[in-house]
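Working notes, structure below.
The values are calculated or read from the model by the stated rules, or taken from the named source; none is laboratory data. Note that the structure is predicted; figures quoted are calculated from it, not measured. Cβ: placed from backbone, ideal geometry, glycine included. Neighbour counts: every protein chain shown. The accessibility values were calculated without ligands, DNA or RNA, using every heavy atom of the protein model including side chains. Shrake-Rupley method; radii C 1.70, N 1.55, O 1.52, S 1.80 Å.
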Amino acid sequence: MQAEKNRIGELLIAQGWVRPEELEVCLEEQAGRNERIGALLVEKGILGEQTLLETLSRQLGVEIVEVTERSGDATALEALPYAVAKRYRALPLKREPRVLHVATPEPQDAEAIQALEFATGMRIRAFLCSAREIDIALEQHYGMEEALEKIVRNVTQEAALDGSSASSIVQVDTPAAGERPADGPADPAEAMAPIIRLVNLILLEAVRKEASDIHFEPTRHYLQVRFRLDGVLRRRMSIPKYLQQSVLSRIKVTARMDIAKKRTPQDGGIRLQVDGRRLDLRVSSLPTFYGEKIVIRLLDQTERKIDLGTLGLEGERRKSLEACYRRPQGMILVTGPTGSGKSTTLQCILKDLRSEGTNIITVEDPIEYELEGINQVQVLREAGLTFADSLRAILRQDPNVIMVGEIRDGETAEVAFRAALTGHLVLSTLHTNDTVSTVTRLVDMGVPPFLISSALLAVISQRLVRKVCPGCIVTGEPDPSALDGLPDRFLKAVDKAHWGKGCSQCEQTGYKGRVGLFELLIFSPDLRKDVASSADEGAIRDRARKEGMLLLLEDGIEKVREGVTTLDEVLSAAYWEGPSDAGRSEDDRPSSPEGDSREAAESSSRDPGRPTIVYSEDDPAVREAVCLSLEALSCDVIPAEDGQEGWEKVESHLPDLVITDIEMPRLDGYGLLKKIRTDLRTAFIPVLLLTGKNRCEDRMKGFLLGGDDYIEKPFDHRELLARVKRCLERSAFVHQGAARKGSVAC
């Protein structure tokens, strides 16, 4: 070994990197230490680390690798136990049938290589890497299990979840085409793995927050998780990049999808049971540039106590619709874009119609909700069972009521209309903008006007808007600019505005739940004559308006006046299209009165290349100095005057790093850290603690609560920037190559 040290020392002297006297001093100091001469030269600042690596690479003929830019392969990591990898500072990179590629700062250590070969039973091919990179990578890849276990445990304890809720809430079976997922208990031993419990906790939170969808979206730096709440996608949390594949693989395994297929879309299903509720989860994967994007649709199978009144259709219009669907034959269509609540409206009608003496059959693609007492048929195109084929078969089953999930083509439309004329009540959906344009759409699909006028009983056009949160509703004067372009009768109707100022119930959005806006067209004898004579849309609309049809916007304005929703929501879903506004496009609708609201500002897309930092400090001078220092990193810094305000900023912005003082009013740094570590949304955010006291017990308390780093005030701003970079690097936000050069990737 001494000869080897001398050889590397002589080589460094020959190249002019080290002076002989410097080498002698290090050799004398090395005598009592079991450390290589190159590492000692780097430690003393005599030699640069990169220079040492390049010299060793030429001397040993070993390739240099940057392990922080190439994640360790999962199968390779399995081949080498963590204890052995840490002892010999070796990170597995790639596994071949009989060869294991590893990165190590000492590829010339024959004893270490031999030990690695013995531990793995494979031949080792060594690559050269810096010791610092190896230490970081080992903690990222192997230390994940322990760190993740602590995070999941903290979140579970704070949420007061029992073992079954935290670990075994997911019960799975493979839903074959046309079948429903069946129950099956999870393996208790398997459910103890922290990555499994992390995925379960995300699903559990989505269920309890009543999210309709969960989006797992890979980005360059992290795996972003977003929930669709009340129809709006909201960023929920960011999972470190090194956990991305484990999380996505767990979801695919649970949904019985092929984890080996990553370049083709797949579909799967999960059945979830929690809090006495049964949910079906439909899972879809899509290959993207940074990995597979997975979307989970949550379908609550628990019998929900909803009716047309709960949805927002009340009064005389509800009575008129009920009179239509209680007729023995005819057709009722529900129209609107995807996600406007059409299926829910049809379910309310079916629940009202079902009885012992009524045979109700539905044909759907897919079957989203199980309806007790109703026969449901799944479309199977691969087996030749289409909507039209299913309808023909249903007509031989003696039905009273038929529900067709969607009329998509002329053949289905014609069969459905003829069924409506032969003694059956037919319900279905269609994608059109309003009630009157439904007639034109049907004619374009090839349905004769006489057939439409004879069979159609009513058309419902609907949209969903968010309701004002009842816990934080406030009332004030409406913004006059929001009503520009609307007729005077709307101006008179909207004499007051209602909105939510934001609270814990609505997560500071001001909205909680959704309600429908409805436009109901009942086909009177005069309207039937107009349709049969192929009258244009304008004539049909004028006739319907004279007979009392309420437009979507008019229904929305009424709900605004009652304080149910906001004018902003209504104007985003409906627009005025009266006679005075003929030819107006949807892009010409009035501007939103709340365009500059807090939620609009916070929901705007942030620059994914700029890290966001929340900094809590009660001393204004220190706060200003630190914010000025952080400007060098091209970061977005959000200051807070104390811990409580800091937590509110963390909740609303979900930053990439939190820097906090310890001694603060209202909520100190330890309290803020505990809140961050026990909330699933923020559990992975790194936290840097600042303090004026350098006591061992203070540092230990911070680290035990989950702090990532600790710095004493006063401090050198260069040290602060270095520690901030390190925290961002460990959270996988900073591109590692840029971090080594001393700049944040932007």
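Solvent-accessible area of Asp109, probe 1.4 Å, all protein chains present, reported in Å² to the nearest ten, please.
Here the accessible area works out near 40 Å².
First measure r as the distance between the Cβ atoms of Arg396 and Ser504, then evaluate 1/(1 + (r/R0)^6) with R0 = 60 Å and state the FRET efficiency to the nearest 0.05.
Using R0 = 60 Å, I get an efficiency of 0.60.
Working from the alpha-carbon coordinates of the range 342-408, get Rg over Rh, Rh being the Kirkwood radius. Intermediate results must be reported in sequence, preceding the final value.
Numbers: Rg = 11.6 Å, Rh = 12.2 Å.
Value, to two decimals: 0.94.
How many Å² of accessible area per residue for the range 192-305, probe 1.4 Å?
Heavy-atom accessible area per residue stands at 41 Å².
Of the heavy-atom accessible surface of the range 201-269 (probe 1.4 angstrom), what whole percent is carbon and sulfur?
Reported share for carbon and sulfur atoms: 45 percent.
Which sequence of Lys701, Lys546, Lys649 reflects their accessible areas, 1.4 Å probe, from the largest down?
Working: Lys701 100, Lys546 180, Lys649 60 Å².
Result, largest first: Lys546, Lys701, Lys649.
For the pair Asp444/Leu233, report the inter-label distance in nm, with labels modelled 7 Å from Cα in the Cβ direction.
2.7
For a 27 Å ceiling on Cα separation, which of these pairs sit above it: Lys342/Lys501; Lys209/Lys496; Lys252/Lys342; Lys305/Lys496; Lys86/Lys252; Lys94/Lys293?
Lys342/Lys501; Lys209/Lys496; Lys252/Lys342; Lys305/Lys496; Lys86/Lys252
Can you give me the long-range amide H partners of Ile64? Hydrogens built in the peptide plane at 1.01 Å from N, cutoff under 5 Å, separation of 5 or more residues or another chain.
Placed amide hydrogens put Leu128 under 5 Å from Ile64.
Whenever you get a sec, compute what percent of the accessible area on the range 350-471 sits on carbon and sulfur atoms (1.4 Å probe).
Details: 2170 of 4810 Å².
Answer for the range 350-471 is 45 percent, counting heavy atoms of protein chains only.
Computed over the Cα atoms of the range 214-302, what is the ratio Rg over Rh, Rh following Kirkwood?
Answer for the range 214-302: 0.97.
State, as an integer percentage, the relative contact order of the range 239-379 based on alpha-carbon contacts under 8 Å between residues 6 or more apart.
Computed over the range 239-379, the figure is 13 percent.
Determine the gain in length on full extension of the stretch Glu322-Lys86; use 0.36 nm per residue of separation and subtract their C-alpha separation, reporting nm with one decimal.
Residue separation times 0.36 nm, minus the Cα-Cα distance, leaves 77.8 nm.
How large is ³J(HN,Hα), in whole Hz, for each residue of the range 279-291 in order, when computed from phi with the Karplus curve 6.51 cos²θ - 1.76 cosθ + 1.60 and θ = phi - 60°, using x for Gly and Pro?
Per residue, the Karplus-derived 3J(HN,Hα) values read 10, 9, 10, 9, 10, 10, 10, 9, x, 10, 4, 9, x Hz.
Determine, for each peptide in 83-92, 363-372, the mean count of other beta carbons within 10 angstrom over its residues, then list the peptides with the highest first.
Values: 83-92: 20.0, 363-372: 17.2.
My ranking of the peptides, most packed first, is 83-92, 363-372.
Could you give the length gained by full extension between Arg528 and Arg98, i.e. 0.36 nm per residue of separation minus their alpha carbon distance, to one decimal place?
Working: separation 430, 0.36 × 430 = 154.80 nm, distance 7.87 nm.
So the extension gain works out to 146.9 nm.
What accessible area, in Å² to the nearest ten, does a 1.4 Å probe give for Thr678?
For Thr678, solvent-accessible area is about 30 Å².
I need the Debye-formula profile for the range 321-452: one equal scatterer per C-alpha, no solvent, reported as log10 I(q)/I(0) at q = 0.11 1/Å, two decimals.
Once normalised to I(0) and log-transformed, intensities are -0.35.
Per residue, what accessible area does the range 354-481 have, given a 1.4 Å probe and all protein chains present, in Å²?
41
Over the Cα atoms of the range 262-319, what Rg and Dmax result, in angstrom?
Every Cα atom of the range 262-319 included, Rg and Dmax give 17.9, 54 Å.
Could you work out the local net charge near Ser320, counting Lys and Arg as +1, Asp and Glu as -1, over the other residues with Cβ closer than 15 Å to its Cβ?
My count for the surroundings of Ser320 gives -2.
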